[in-house]
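Peer 1: Pasting in a structure now, in structure tokens, and then I'll have a few things to ask.
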Amino acid sequence: QTRGALKAVKEYAPKDKELHRIAKGLQSLKPFGIYANVKHSGHYYHEGCTNIDVLHDEKEITAEQEEACIELLRDFMKWIYKMLNADYDYLTSEKAIIETIEANEYEFDEYGKIA
């Protein structure tokens, strides 16, 4: 964990309450020194296709802290996947394609190729 991370998250995404909840939850895990090793497994890419090992430096952590850390990391995976999907949907939308064509002043020949 990094001190000041919640503040940085709120500055980065001031209106994203879900991201704030995740960051606050991760920050609340005491002691500092908890970290996780996340490994992909399987053929798909989503929060269920990971193995998460919660580790710690010198201090003991409870089973509840470990489970909370895993749940929050999976919530973050869901959040980031949702953001990526939304961005993909926008970038492949007709509106975004038209904006790109207009912004770059692309011209096309009669075969649809960029001239």
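The values are calculated or read from the model by the stated rules, or taken from the named source; none is laboratory data. Worth saying up front: this structure is predicted, and the values here are computed from it rather than measured. For neighbour counting, all protein chains shown are included, and Cβ atoms are generated from backbone atoms with ideal geometry for every residue, glycine included. The protein model used for the area step is the full one, side chains on, heavy atoms only, and it has no ligands, DNA or RNA in it. Shrake-Rupley method; radii C 1.70, N 1.55, O 1.52, S 1.80 Å.
Peer 1: Restricted to the range 14-68, and to residues that are among the hydrophobic types (A, V, I, L, M, F, W, C) and over 18 Å from the mean Cα position of the chain (by Cα), which residue is nearest to Gly4 (Cα to Cα)?
Peer 2: Phe32
Peer 1: Hey, among Glu102, Glu67, Glu58, which residue is open to solvent by 70 Å² or more (accessible area, probe 1.4 Å), part of a helix (DSSP H, G or I) and either closer than 20 Å to Lys24 by Cα or in contact (Cβ under 8 Å) with a residue 12 or more places away in the chain (or both)?
Peer 2: Glu67
Peer 1: Give the range 1-55 a look and list any residue that's open to solvent by 60 Å² or more (accessible area, probe 1.4 Å), under 18 Å from Tyr81 (Cα atoms), assigned to a strand (DSSP E or B) and not basic (Lys, Arg), or say none.
Peer 2: Once the filter is applied, which keeps residues that are open to solvent by 60 Å² or more (accessible area, probe 1.4 Å), under 18 Å from Tyr81 (Cα atoms), assigned to a strand (DSSP E or B) and not basic (Lys, Arg), the range 1-55 yields Val38, His40, Asn51.
Peer 1: Please determine whether any residue of the range 77-97 is in contact with a Ser or Thr (Cβ under 8 Å, 6 or more places away or on another chain), surrounded by 11 or more Cβ atoms within 10 Å (Cβ to Cβ) and of a type outside the set (Val, Ile, Thr).
Peer 2: Yes.
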